[in-house]
Amino acid sequence: MNAIYKREVKSYFHSFIGWLFLAAMLLMMGIYFTFYNILNGYPNISYVLQGVVFLFLFAFPILTMRSFAEERKLKTDQLILTAPISIGKIVLGKYLALLTVFVIPIVVASIAIVVLSFFGDFQVGVSFTALFGFFLYGALGLAIGIFVSSLTESIVISAVLTFIVLFLGYVMPGICSMASPTGNMLTKILSAFDTISRFDRMLIGSFYVPSAVYFLSLSLLFLFFTVQSIEKRRYSISGNGWKPYAFQYGMTVTTIALTVIVNILVGHLPERMISFDVTSNRLYTLTEDTKDFVAGLIEDITIYALVNEEYKDNNLDTTLRKIEDLSDNVKVIYVDPATNPRFYANYTETEPSSNSLIVTGPARSRVIDYNDIYAYEYYSYYEYQITGYDGEGQIIAAMTYVATDDMPKIYVIDGHEELALEGEFSQTIQKKNIAYETLSLLQTDAIPEDAQAIIINAPVRDYSEDDVDKILAYLEKGGNMILITAWTDEALPNFERLLDYYGVSLTDGIILESDKDKYYAEIPYFLFPQIAYDEITESVYETSVFMPYAQGLLYDEAASNDVLYTLLLSSSANSYSKAYQDADFEIMTDFKKAQGDKEGPFAMALKASKSTESGMASNAVFVASELFFTQDADSIVPGNNVKFFGGMIDAFVEHKSSILIPVKYYSTALSFTTNAVTIVGTLSILAIPVSCLIVGFVIWWRRRKK
């Protein structure tokens, strides 16, 4: 076998075919690599491999067509049929030679992964898993090619048939969709030949065992077919009668049956045994809070996925199956909208999008629209990028909602040009199963009795005295308040009464930092505050939050005997506050401290607990930045500002069952200099592929002249 392996490897690199294959593979990899990873900063190579895999349809037929067809045409196969060596070793030697040629571009890609890991939060585990899937897919393609080559003596027929088989596996999802959009027995049979979908499962950030078993088992099966194909001709030459054929057919049927059984058994294993999260930030791994909650369920919960199971979202399906495996009280059912188009009407009036979920419990239900499963960053109305995965968070929030009748309520004050709570922040309230609504003080006589807290989010127009009196009356009864201040040079005397109630006031300027480690993007008022430990900050204590355009919160503990203060966020001792009238921050370039600027440190977020005449404590959290609780600010420290917001809600809202699983954000984009882009692009698209072509041409030319 070793001699055959060496001979085959030499034949590929002593001809132009091997070098042409390398040049084509490396060129396509280089183009996609430069576009996705270098120019657009994608933190893994899944997109590269997904683009390159189409080349298999053309490259593998050419690479494998000579394996046995040419030897059969030249009659040198007679030596194989009569050689004192097993057919299995001959086939394996040729196959390993093909794999050796194929592995060279994979080694180059592996080097690229290692290099990219030095340029940021590159998803090494995801990339190597995708590369392993790429190798397995290619190994199956080569096994198919070598089998087809053993069936004919025409290299052209071998190449065409191999292309057809590989092409069918590549387009099989579309064929299944055309055969039956709703799915039936025919599509289940056809899906057994769907190779591309199984490859795609290896690209999403999890090592999917059924895909690996599928590729490995079918590769071995086609190698077995190749051996049997050659053995059949050997039997016909030896003339030993029908017994060898009977044994051969029996072995073939047995091997096919074993392959089918193995794949079926692996596919029916629990999700925790077949899918392993390889993302660096554990995107698809269930948290301990989820495991504890689901394992402790008493009531039955059913989750309906509104999609034909053939077209399910693999990420979401993985999460659903892992949750289902945790408890016998959880059941996941796929409902095909094509066969049951009005199923959703039992739970909601509005038709959810495909892949949406309906979570039902004993008394109530909740719809999770598929658009809420992922977090997005929008560049325009039509352009956006998926930035995070929230499948676990949305599902667990819905499950806790339907499993309990506990539904506390908070009110968001409106009517003074306050900011609306954006996506993840409003979803945080919903995921904690808290009812909230906006409240206009003009249209009510008092804060409702069921309010466990009120939120005042950065008003820029002053409150009326009557508005403030209503709020103070609520606070005097032990009410809770979250107050975010806005950066404005307009006087808000009535609004300031709410701060003064707790002995708090604001600086008349914006905080700037002198320490470069404390701010972002060379802008000294884009701050990373110091975080003090508290129940509110516990989830972000060892990380960072981002607070732009922050003011300072002033308070005097000694002068406020009835108020207990807890510092949450603060600036450093090297910070200072620059007054509005002294600077235009939008055009300012010199941020040096000037005479009259107030010296830090400053409180930037503060918790206050005040003893009231009613005998109940009134609690408040003050945050001195109107942009702190916005999507843009949160994207700088993905999810941390949202976690801080969730901590505030938890501190004020009494809840029997509150589990918040925040959005799990993808890695941030890589960043390269113009020189790096030029160098990498030149090497990957021009230098390396062209070098392979030149070497191959020189070798071919020398052999031609001999």
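The values are calculated or read from the model by the stated rules, or taken from the named source; none is laboratory data. Predicted model only: the values in this text are computed from it and were never measured. When we count neighbours, we look across all protein chains shown, and the Cβ atoms used for this are built from the backbone with ideal geometry, even at glycine. SASA here: full protein model, heavy atoms, side chains in, ligands and nucleic acids out. Shrake-Rupley method; radii C 1.70, N 1.55, O 1.52, S 1.80 Å.
Odds and ends about this structure:
- Sequence-distant aspartates and glutamates (8 or more away, or on other chains) whose Cα lies within less than 18 Å of residue 75: 8, 153, 231
- Sites residue 345 and residue 632, calculated FRET efficiency, Cβ-Cβ separation with R0 35 Å, nearest 0.05: 0.40
- Computed from phi, the 3J(HN,Hα) profile of the stretch 346-363 under the Karplus parametrisation 6.51, -1.76, 1.60 (θ = phi - 60°) reads 6, 10, 7, 7, 9, 6, x, 6, 4, 6, 6, 10, 10, 9, 10, x, x, 10 Hz, with x in place of Gly and Pro.
- Heavy atoms of residue 489: accessible area, 1.4 Å probe, square angstrom to 10: 120 Å²
- Kirkwood hydrodynamic radius computed over the stretch 238-343 comes to 17.5 Å, based on all pairs of distinct alpha carbons.
- In the chain, a dipole from Cβ-located charges (positive for Lys and Arg, negative for Asp and Glu) runs towards its positive end, and of 99, 202, 387 it is 99 whose Cα lies farthest in that direction.
- Magnitude of the charge dipole for the chain, about its Cα centre and with charges confined to Cβ atoms of Lys, Arg (+1) and Asp, Glu (-1), is about 7460 debye.
- Pairs from the list 431/607; 578/664; 477/578; 188/322; 409/607 with a Cα-Cα gap above 32 Å: 578/664; 477/578.
- Placing pseudo-labels 7 Å out from each Cα toward the beta carbon at residue 156 and residue 311 gives an inter-label distance of 4.1 nm.
- Within the accessible area of the chain (1.4 Å probe), percent carbon and sulfur: 58 percent
- With a cut-off of 12 Å between beta carbons, the residues surrounding residue 286 carry a summed charge of -2, where Lys and Arg count +1 and Asp and Glu -1.
- For the stretch 339-380, dividing the convex hull volume of the Cα atoms by the residue count gives 101 Å³ per residue.
- Here's the picture: charge each Lys and Arg Cβ at +1 and each Asp and Glu Cβ at -1 in the chain, and of 399, 413, 122 the one pushed furthest to the positive end of that dipole is 122.
- The stretch 277-420 - charge dipole about Cα centre, Lys and Arg +1 at Cβ, Asp and Glu -1, debye rounded to 20: 300 debye
- Cross-link partners for residue 6 among the lysines, with Cα-Cα distance under 20 Å and sequence neighbours closer than 8 places in the same chain left out: 89, 94.
- For the listed peptides 85-97, 544-556, a ranking on the average number of other beta carbons within 10 Å per residue, highest first, reads 544-556, 85-97.
- Nitroxide proxy distance, nm - points 7 Å out along Cα→Cβ at residue 573 and residue 252: 8.4 nm
- Placing unit charges on the Cβ atoms of the charged side chains and taking the dipole of the chain about its Cα centre, the candidate lying farthest along the positive direction among 547, 361, 259 is 259.
- Computed as a quarter of the hull surface, the mean projected area of the alpha carbon convex hull for the stretch 478-556 stands at 6.8 nm².
- The HN-Hα couplings worked out from phi for the stretch 124-130 by the Karplus form 6.51 cos²θ - 1.76 cosθ + 1.60 (θ = phi - 60°) are 5, x, 4, 5, 5, 5, 4 Hz, whole numbers, x standing for Gly and Pro.
- The chain: angle of helix 16-32 to the longest principal axis, Cα-based, in degrees nearest 10: 10 degrees
- Largest accessible area first, the residues 538, 299 order themselves as 538, 299 under a 1.4 Å probe with ligands, DNA and RNA left out.
- Taking the helices alone, the chain has a mean residue ellipticity at 222 nm of -14000 deg cm²/dmol, built from -39,500 (n - 2.57) per DSSP H run of at least 4 residues and averaged over all its residues.
- Quarter of the Cα convex hull surface for the stretch 347-435, i.e. its orientation-mean projected area (nm²): 7.4 nm²
- Helix 465-476 and the longest principal axis of the Cα set of the chain meet at an angle near 80°.
- D (Stokes-Einstein, µm²/s), Kirkwood Cα radius, the stretch 246-294, 1.567 mPa s at 4 °C: 92 µm²/s
- 3J(HN,Hα) couplings calculated from phi for the stretch 598-608 with the Karplus curve 6.51 cos²θ - 1.76 cosθ + 1.60 (θ = phi - 60°) are, in sequence order, 6, 8, x, x, 10, 6, 10, 9, 9, 9, 10 Hz; Gly and Pro show x.
- Think of a 1.4 Å ball rolled over the protein heavy atoms: the stretch 1-155 then has 39 Å² of accessible area per residue.
- Rg and Dmax over the alpha-carbon atoms of the chain stand at 32.8, 109 Å.
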